Every structure is written in structure tokens, then in C-alpha cells.
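Visitor: Okay, handing you the structure first.
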Amino acid sequence: MNAQTPTPQAESRQAEARQAETRQAKTPAGMPAITYNFAYLDEQTKRMIRRAILKAIAIPGYQVPFASREMPMPYGWGTGGVQVTAAILGPDDVLKVIDQGSDDTTNAVAIRGFFETTAGVATTTRTQDATIIQTRHRIPEGALQAGQVLVYQVPIPEPLRFLEPRETETRKLHGLADYGLMHVKLYEDIARHGHIATTYAYPVEVAGRYVMDPSPIPKFDNPKMDDSPALQLFGAGREKRIYAIPPHTKVVPLDFEDHPFRVQHFAKPCALCGAHGVYLDEVILDDRGGRMFVCSDTDYCNTRQAEGHTGEMSAPAPEAAE
Amino acid sequence: MPALALGFADPVRDSQAAFKALMWAMAQPGDVVPLDTRLAPPAPLTPEMAASALALIDYETPVWLDPALAAAPETADFLRFHTGAPLTGDPAAARFALVADPAALPAFDSFAQGEPDYPDRSTTLILAVERFDAAPLVLEGPGIKGWRGFGAHPLPADFAARLAANRALFPLGLDLILTAPGAVAALPRSVRLQDEG
């Protein structure tokens, strides 16, 4: 490091090394730089999480307890998803992180940066280029492919928690496959509102056995979980649970014959790319009631715009003559 | 005293690679997933079985060795040194069971089946088979689009009946990892055998 006669190349190498060090960690003067194991977690923690993942895959929809670690971010910011991603991530993986469908909101940027720093893996915003997609509260609009892993960040993994607060009891209910409580909850929705008013974290039955919380994705995304070619892993850091849906697994939202499960519908297409049949976010434009609805999946919307699709609020194309 | 065989040359990358193969094997039951290892463990431990063990086993997981492995003390030395796992003589107390002679696989009910509240507390069997075969078993279930043919040699003659009985216990039951030269496959408890006819 201490070149006696610094050549330009040596200086630039040194600068690179210094940059790498500051990427690794900010250290007090004179202290050795802190370096992390690949993907931050130590190997014993990864093994423990990997064992939990294998059991979770073998028992689809069942919540496997795991010894969730303190992470360098607070609970509620995706510590469960981050730990699952860290345990499965390899140097050849390409990582995409989305937060409510978006690649460029705080949570997504921070977690993507975390793995760029601690694992040095390639990252992408393109759904089809990613091998691992960590997500908070959405499933990408574009179809997932075989070999991809979708890692969900989960706040409350227990679908029965707000109906039965005792963990000992909810375990027993799962053990007995006694999901009457959940049906009563959905029925009370109908009695009070005339329809099932649950719009996100809509409970699903996985492979005909366990009732599972799909994490707070809009119920619009529930049909994408069924028979997906991708492997779906769920990590809840604060609640210390991991669960999974293998590829091509039957995932059925709970409902009633006379009140079948329905997804949200939007009156208008995306204002920027004109897409129909996608999940839209409301964007407030001014203080006079102006608003527009745009794709929540930014990659999907950007790709469509690049392909020339336009919506009612699209900027007029500057190179229209081309 | 003979020198101890080496573990993973690069523990971080090699255990991730082994786990990744096992994860996709478990997620796609019966699918034969390639697994390259650079291990030369003491026989009858095979390289793929050793890689699976090193990737999954540590001081938290009691391990049971089948009589073929238990008869070779270098095997126990290798596992103790590289993983720190406690070895147990009681298959029902084991989180992992390593079986080098799968034709003589003990009855499934001698292993831990899990508990109704905690079905994950069951033994994972890691078998070393000689090869994966053309498909006498037709599998269905989570992780399988339609159906998938699967076979391995050697296995006990009543293996199909054991798998069906294991499935009948669902969500309890054993999960099986099968290793052969250069590849792994898995038969988790969720797997069903297609009815003939």
C-alpha cells in the first residue's frame, strides 16, 4: 500500500483501494478496515437459515422458526428478506430489489446497496435479468421464470395473529388445520361491508394444507403466486419465521362459493404507459385534486414506455420524427 | 495416524454452491441437480454427501451415521473436525442422518417425524446412491409441473410404499436428499406417488 515512489498507476490503484475501504466501512484512523463475510452474515448463521429454508420448502406454507439475527437496519425494513437473500446469494447471482414495485425508493436502494457493498454481486432493475428478486409488498407484473427466486419481506407472518394473539394457540390451529377463525373473519367482512373487504395480505391456502399470509401484497397479486415457475421464499426478521412456496404449487385465496375471490380492477389504464390489467399507484399532481394512476411496477412501466407505449399523461415524444 | 481429509477449499463459495443445488433439488422434487465438489472425503462418505453435510451440518444438529459409515472411524473424525456436529446413536434424536448403504435404510419411523406444532423438527436423510435411474416412480406435488419420473439405485425394495406412508403423515414426515456422483436430488415429505391407472 505504501508505495515509495508513487507512479500514476500506483496512485490510482491506491485511490481505488481507499475507495474500496470506505465502501467496506468507515473506520477510525489507524484501525484496520472492517471487512464483512460475503453477504454480511457469518457462515454458521447462513447454515441455520439454509436449514430453515429447506424445511420451509419441504412443508409449503408452514412457518419455520429461525434464529433471526440483528441486522444493520431496523426491524420493519426488511431484515427477514435480507437474511434470506444473504443465505441464498452466490457470487454469480444478479439481484433486483423492489419496494412497492419500485426499484428506486428508499428501502429498495438501501438493500441493493447493502448487497453491492457486502457481497459485490451484480444488481439490476430488469425483472427478467434477475436471478433473485427481493420484494416488499409487490410481485412484479412481468411473468417470472423458472430458476428465479422471489424473496418477500414479511412484517407479520402469522395470518391468524390478529384473530388469536397466542403463538401456542395459532401453532395448534395450524397443526389441526383449523382455519374456521379465518373464514369467520372473512364472513364478518361480508356481513359488515357486503363484500370481503380484505384488500392486502389476503390469506391463501398453500398446496391444500397450510393457510399462509402472503405478506402485505395487494390481493391483486395473489393469483400470481399460484403455479408460479419461480421459487418463493418469505422472511420475517422480527417475528423470526421463514416460509416458502415451491415452484408450480397450488395457491388458493380463501373465499366463499357465493362470494368468490376477486382482484381489484382499475377504471383507467396507466397514465404513462397505457397498460391495462396492472396494479396502479395514485400520484397526487397538485393541490386542486389533480391526480394520475401509474404502474406500481417501475421496471414494467419503463420497459413499456421504451417500447413506445404511451398513456394519457405521457410527455410528447421529442424524437417523434425518428 | 492418517492425515485428515480436507474440507471445502473455499468454505463460503463452496457451501453456497452446495446449498444452492440442494435448495433447487428440494424445490423441484425428483429433479436431478448437478453438484460439483472438490472434496475427497474418507470412504464410504462420498464427495456429494460430504458437500451436503458440510453445507448444512454444525454444532446445532445432531447427526446419525448408518452402520456402514459408523464402521469407518475416519468418517466420524472428518465430520467432527469439519462441522463440530455431535454424533448420536439414536436416529430419533438426529436432525440429519447420513446413509451410505441405502439398500439397508432403517425403517422411516425410527427417525424423528416432527411434531404437529413443529413439523420442521424431523430428520433429514442424506443418502448416497450409485446412480439416478430411468424413472420407476412417478412423482406429483408441490414443485412439480404435472408429474416427474424418478428413480435411484440402490434403494430398499419397499421404497415406494415407504414414500407413500411418509406422505400420508404430512405435514409430518422425513425429507430425503439423495446424492450420486456429480448430482443431488430430493424427495421432500410433500411428494406424492401418482396412482397407477
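Visitor: Would segment B:128-151 turn up any residue that is under 22 Å from A:Ala67 (Cα atoms) and either out of contact with any Gly (no Cβ under 7 Å at 6 or more places or on another chain) or free of Cβ contacts under 8 Å to residues at least 60 places away in the same chain (or both)?
Guide: Here is the first cut: in segment B:128-151, the ones under 22 Å from A:Ala67 (Cα atoms) are none.
Within segment B:128-151 (the criterion being under 22 Å from A:Ala67 (Cα atoms) and either out of contact with any Gly (no Cβ under 7 Å at 6 or more places or on another chain) or free of Cβ contacts under 8 Å to residues at least 60 places away in the same chain (or both)), the answer is no, since none of the residues qualifies.
Visitor: Hey, another quick one. Restricting to segment A:132-166, count the residues that are part of a strand (DSSP E or B) and open to solvent by 20 Å² or more (accessible area, probe 1.4 Å). Reasoning before the result, please.
Guide: Filtering segment A:132-166 down to residues part of a strand (DSSP E or B) leaves A:132-136, A:149-153.
If we keep only those that are open to solvent by 20 Å² or more (accessible area, probe 1.4 Å) too, we end up with A:136.
The total comes to 1.
Visitor: Of all residues in segment A:71-109, which are assigned to a helix (DSSP H, G or I) and either at pLDDT 95 or above or not assigned by TED's automatic domain parsing to the domain that holds A:Arg238 (or both)? Walk me through how you get there before you give the answer.
Guide: Filtering segment A:71-109 for residues assigned to a helix (DSSP H, G or I) gives A:79-88, A:106-109.
Within segment A:71-109, A:Thr79, A:Gly80, A:Gly81, A:Val82, A:Gln83, A:Val84, A:Thr85, A:Ala86, A:Ala87, A:Ile88, A:Ala108, A:Val109 meet the criteria.
Visitor: If you don't mind, another one. Hey, could you check segment A:38-65 for residues that are in contact with a strand residue (DSSP E or B) (Cβ under 6 Å, 6 or more places away or on another chain) and free of Cβ contacts under 8 Å to residues at least 60 places away in the same chain and say which is surrounded by the most Cβ atoms within 10 Å (Cβ to Cβ)?
Guide: A:Ala58
Visitor: Condition check: buried (at least 21 other Cβ atoms within 10 Å of the Cβ) and either in a loop (DSSP other than H, G, I, E, B) or away from chain A (no Cβ under 11 Å) (or both). Does B:Leu127 satisfy that? Before you say what the answer is, go through the steps one by one.
Guide: Numbers: buried (at least 21 other Cβ atoms within 10 Å of the Cβ): yes; either in a loop (DSSP other than H, G, I, E, B) or away from chain A (no Cβ under 11 Å) (or both): yes.
Considered against the rule, which asks whether it is buried (at least 21 other Cβ atoms within 10 Å of the Cβ) and either in a loop (DSSP other than H, G, I, E, B) or away from chain A (no Cβ under 11 Å) (or both), B:Leu127 comes out as yes.
Conditions tested, residue by residue: (1) open to solvent by 80 Å² or more (accessible area, probe 1.4 Å); (2) in the same structural domain as A:Gln100 (by TED's automatic domain parsing); (3) in contact with a Phe, Trp or Tyr (Cβ under 8 Å, 6 or more places away or on another chain); (4) modelled with pLDDT of 95 or more.
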residue: A:Cys270; (1), (2), (3), (4): no, no, yes, yes
residue: A:Leu280; (1), (2), (3), (4): no, no, yes, yes
residue: A:Arg291; (1), (2), (3), (4): yes, no, no, no
residue: A:Asp297; (1), (2), (3), (4): no, no, yes, yes
residue: A:Tyr300; (1), (2), (3), (4): no, no, no, yes
residue: A:Thr303; (1), (2), (3), (4): no, no, no, yes
residue: A:Pro318; (1), (2), (3), (4): yes, no, no, no
residue: A:Ala321; (1), (2), (3), (4): yes, no, no, no
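Visitor: May I pose another question? When both residues are 6+ apart or on different chains and their Cβ atoms are under 7 Å apart, which pairs have a first residue that lies in segment B:152-177 and is at positive phi, and a second that is part of a helix (DSSP H, G or I) and open to solvent by less than 50 Å² (accessible area, probe 1.4 Å)?
Guide: Pairs that qualify, where the first residue is at positive phi and the partner is part of a helix (DSSP H, G or I) and open to solvent by less than 50 Å² (accessible area, probe 1.4 Å), are B:Gly173/B:Asn166.
Visitor: Can you find, within segment B:131-165, the residue that is farthest from the other protein chains (Cβ to nearest Cβ) among those that are in a loop (DSSP other than H, G, I, E, B), open to solvent by 30 Å² or more (accessible area, probe 1.4 Å) and farther than 19 Å from A:Ala207 by Cβ? Walk me through it before giving the result.
Guide: To start, the set of residues in segment B:131-165 that are in a loop (DSSP other than H, G, I, E, B) comprises B:141-147, B:154-158.
Restricting the remaining residues to those that are open to solvent by 30 Å² or more (accessible area, probe 1.4 Å) gives B:145-147, B:155, B:157-158.
From the residues that got through so far, the ones that are farther than 19 Å from A:Ala207 by Cβ too are B:155, B:157-158.
Details: B:Leu155: 19, B:Ala157: 25, B:Asp158: 22 Å.
This residue is B:Ala157.
Visitor: Failed condition for B:Gln16, given (1) out of contact with any helix residue (DSSP H, G or I) (no Cβ under 7 Å at 6 or more places or on another chain); (2) not in a helix (DSSP H, G or I), with all others met?
Guide: (2)
Visitor: So which of A:Asp213, A:Asp221, A:Asp258 ends up being acidic (Asp, Glu), more than 14 Å from chain B (Cβ to nearest Cβ) and closer than 25 Å to B:Lys145 by Cβ? If you could, list the steps in order and put the result at the bottom.
Guide: Details: A:Asp213 fails: closer than 25 Å to B:Lys145 by Cβ; A:Asp258 fails: closer than 25 Å to B:Lys145 by Cβ.
On inspection, the qualifying residue turns out to be A:Asp221.
Visitor: On the basis of being in the same structural domain as A:Leu163 (by TED's automatic domain parsing) and surrounded by 20 or more Cβ atoms within 10 Å (Cβ to Cβ), does A:Ile242 make the cut? Even if it seems obvious, please write down each step before you answer.
Guide: Working: in the same structural domain as A:Leu163 (by TED's automatic domain parsing): yes; surrounded by 20 or more Cβ atoms within 10 Å (Cβ to Cβ): yes.
Against the criterion (in the same structural domain as A:Leu163 (by TED's automatic domain parsing) and surrounded by 20 or more Cβ atoms within 10 Å (Cβ to Cβ)), A:Ile242 qualifies.
Visitor: For A:Arg112, state whether it is out of contact with any helix residue (DSSP H, G or I) (no Cβ under 6 Å at 6 or more places or on another chain) and either surrounded by 15 or more Cβ atoms within 10 Å (Cβ to Cβ) or in a strand (DSSP E or B) (or both). Write out each step before concluding.
Guide: On the way: out of contact with any helix residue (DSSP H, G or I) (no Cβ under 6 Å at 6 or more places or on another chain): yes; either surrounded by 15 or more Cβ atoms within 10 Å (Cβ to Cβ) or in a strand (DSSP E or B) (or both): yes.
Considered against the rule, which asks whether it is out of contact with any helix residue (DSSP H, G or I) (no Cβ under 6 Å at 6 or more places or on another chain) and either surrounded by 15 or more Cβ atoms within 10 Å (Cβ to Cβ) or in a strand (DSSP E or B) (or both), A:Arg112 comes out as yes.
Visitor: Could I ask something else about it? Please give the number of the condition B:Gln113 fails out of (1) open to solvent by less than 10 Å² (accessible area, probe 1.4 Å); (2) under 20 Å from B:Leu56 (Cβ atoms).
Guide: Going through the list (1) open to solvent by less than 10 Å² (accessible area, probe 1.4 Å); (2) under 20 Å from B:Leu56 (Cβ atoms), B:Gln113 breaks only (1).
Visitor: In segment B:175-197, which residue that is farther than 18 Å from B:Pro136 by Cα and more than 9 Å from chain A (Cβ to nearest Cβ) is surrounded by the most Cβ atoms within 10 Å (Cβ to Cβ)?
Guide: B:Ala183
The values are calculated or read from the model by the stated rules, or taken from the named source; none is laboratory data. Note that the coordinates shown come from a computational prediction; the quantities given were computed from them, not determined experimentally. Please note: Cβ atoms are built from the backbone with ideal geometry, for glycine as well, and neighbour counts cover all protein chains shown. Note: areas computed on protein heavy atoms with side chains; ligands, DNA, RNA excluded. Shrake-Rupley method; radii C 1.70, N 1.55, O 1.52, S 1.80 Å.
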